[in-house]
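*Asks:* Questions regarding the structure given below will be posed in turn.
The values are calculated or read from the model by the stated rules, or taken from the named source; none is laboratory data. Since the model is a prediction, treat every value here as computed from it, not as a measurement. Cβ coordinates were reconstructed from backbone atoms using ideal geometry, including for glycine residues, and neighbour counts include every protein chain displayed. Each accessible area value is taken on the protein alone, full model and side chains, heavy atoms only, with ligands, DNA and RNA left out. Shrake-Rupley method; radii C 1.70, N 1.55, O 1.52, S 1.80 Å.
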Amino acid sequence: MLESLHPEHGGMGEPFKNLAWDDFRLVKAIADAKSLPAAAERLGINHSTVFRRLRQIETSLGVALFERHRVGYVPTAGGEEMVALADRLDEDITAFTRKVSGRELSPAGELRVTTNDSLLVHLLTPLFAAFLRQCPDMRLDIVLSNQPLNLSKRDADVAIRATDNPPEILVGRRAARIAWALYGRAVDFPDPAGVRIEHLFERPWVSLGDDLSTMKAVRFVREHVAPERIVYRTNTVLGLGDAVEAGIGIGHLPCFIADTRPTLIRLAAPDPELSADLWLLTHPDLRHAPRVRIFLDFMAAEIAKQRKLIEGALAIGSGPS
């Protein structure tokens, strides 16, 4: 506590609230320069202004901040405390200026993000790690769900979803278009270019379960593949990729999952009818919150770097078109 500047000392009361940063700068300049003319030169003002303003500050505080000695102006105990506080303020202001120079303030706090398991495992986790390195005061709470959570009820702050129909009550941006293609094991298809599409329907297939029947890939299999050929179903895209890789059957997969697996190969070009938009969504009330805004900006920029993979332009191998 600045005891000598406390209201109980010297009768100082309400005027203390009127101190400005310039008052601290002036007192610090006098202490550093040890004379009023030299302090005035540092501050870019005239000598009489420094003298008058010092007297006003001392009157307002009810204490003397300096004593005249042969060596010049020497701070009193109260003056030393004010100079010390001025030093701390100067350091804080300098740090703040450096922090915001050329970039936004680093946000702090927790951000709850909902997404699905396949996006998390195959795309988002490294991006989340990079975000936390850039914003070390942030914390991410990841909620996995294949069903959209209610952002209006604050189930989450941000949703990262693959959908062509984002909820109208949410706002956000389309980050990429997720491509899907038909894949099988490379060992089972040494010459994918020679594969006839009609022959593929005679093979075992894997598919997503009926609880994901609204997905385009599920509808395609239901409409084109005989039920007895669908030998394996799962309710997660994550498990679907493992099933194809295990040789259970052929199936449609997002390119960003399958094209990173050397054991898999495309049996057909990506089908535009199966693709879906990748959205970054939030509630309108949160869109301008610094922690939400910087997260959305960061994720959009990082996903853009992965767009060729997400949109199916980086295939390891491909079959007939």
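*Asks:* Please label the shape of the chain as rounded, prolate or oblate, based on the square roots a ≥ b ≥ c of the eigenvalues of the alpha-carbon gyration tensor (a/c under 1.5 means rounded; beyond that, a/b larger than b/c means prolate, else oblate).
*Replies:* Prolate, because a/c is 1.5 or more and a/b exceeds b/c.
*Asks:* For the Cα atoms of the chain, what angle does the longest principal axis make with the long axis of helix 290-305, in degrees from 0 to 90, nearest 10?
*Replies:* Approximately 40 degrees, to the nearest 10.
*Asks:* Another question, if that's okay. Using the Cα gyration tensor of the stretch 225-321, with a ≥ b ≥ c the square roots of its eigenvalues, what is the shape: rounded (a/c below 1.5), prolate (a/b larger than b/c) or oblate (neither)?
*Replies:* Taking the square roots of the gyration eigenvalues as a ≥ b ≥ c, the stretch 225-321 is prolate.
*Asks:* Are there any GluC sites (Glu not before Pro) in the stretch 169-278 that are in a DSSP loop and have at most 12 other Cβ atoms within 10 Å? List them by number.
*Replies:* Glu202
*Asks:* Next question, about the same structure. Measure nothing fancy, just the Cα-based angle from helix 125-134's long axis to the longest principal axis of the chain, in degrees from 0 to 90, nearest 10.
*Replies:* 10
*Asks:* Determine the calculated [θ] at 222 nm for the chain from helices alone, applying -39500 (n - 2.57) to every DSSP H run no shorter than 4 residues and normalising by the residue count; nearest 500 deg cm²/dmol.
*Replies:* Helices in the chain give a 222 nm mean residue ellipticity of -11000 deg cm²/dmol.
*Asks:* Just Thr76, Thr214, Thr282 to compare: in a GNM of the chain, with alpha carbon springs under 10 Å, which one fluctuates most?
*Replies:* Comparing Thr76, Thr214, Thr282 in the GNM, the peak value goes to Thr76.
*Asks:* Cross-link candidates for Lys216: which aspartates and glutamates have Cα within less than 14 Å, leaving aside residues fewer than 8 places away along the same chain?
*Replies:* Counting by Cα, and skipping residues close in sequence, Lys216 has these aspartates and glutamates nearby: Asp164, Asp271, Glu273, Asp277.
*Asks:* Shifting gears a bit: Out of the stretch 184-225, which trypsin sites (Lys or Arg not before Pro) are coil in DSSP terms and have no more than 10 other C-beta atoms within 10 Å?
*Replies:* Arg196
*Asks:* Something else about it: Which whole-number percentage describes the relative contact order of the chain, with Cα contacts under 8 Å and a sequence gap of 6 or more?
*Replies:* Relative CO of the chain lands at 19 percent.
*Asks:* Could you pull out the trypsin sites (Lys or Arg not before Pro) across the stretch 25-75 that fall in loop regions by DSSP (anything but H, G, I, E, B) with no more than 13 other Cβ atoms inside 10 Å? Don't jump to the answer; show the numbers that get you there.
*Replies:* Numbers: sites: Arg25, Lys28, Lys34, Arg42, Arg52, Arg53, Arg55, Arg68, Arg70; in loops: Lys34, Arg70.
Here the trypsin sites (Lys or Arg not before Pro) that fit, given the DSSP loop and packing criteria, are Arg70.
*Asks:* Which listed residue (Ala20, Met215, Ala179) has the Cα farthest towards the positive end of the charge dipole for the chain, taking +1 on Lys and Arg C-beta and -1 on Asp and Glu C-beta about the Cα centre?
*Replies:* Ala20
*Asks:* Next up: For Ala300 and Ser48, FRET efficiency with R0 = 35 Å and r from the beta-carbon atoms, rounded to 0.05?
*Replies:* 0.05
*Asks:* Once you order the gyration tensor axes a ≥ b ≥ c over the Cα atoms, which shape class does the stretch 115-218 get: rounded for a/c under 1.5, otherwise prolate or oblate by comparing a/b with b/c?
*Replies:* In terms of gyration-tensor shape, prolate.
*Asks:* Please figure out what share of the DSSP beta bridges in the chain is antiparallel and state it in percent, rounded to the nearest 5.
*Replies:* Once the DSSP bridges in the chain are tallied, antiparallel ones form about 60 percent.
*Asks:* Show Val292, Val171, Val187 ordered by accessible area, largest first, where the area counts protein heavy atoms only and the probe is 1.4 Å.
*Replies:* Val187, Val171, Val292
*Asks:* Taking the 0 to 90 degree range and rounding to the nearest ten, how far is the long axis of helix 21-33 tilted relative to the main principal axis of the chain, both from C-alpha atoms?
*Replies:* 60
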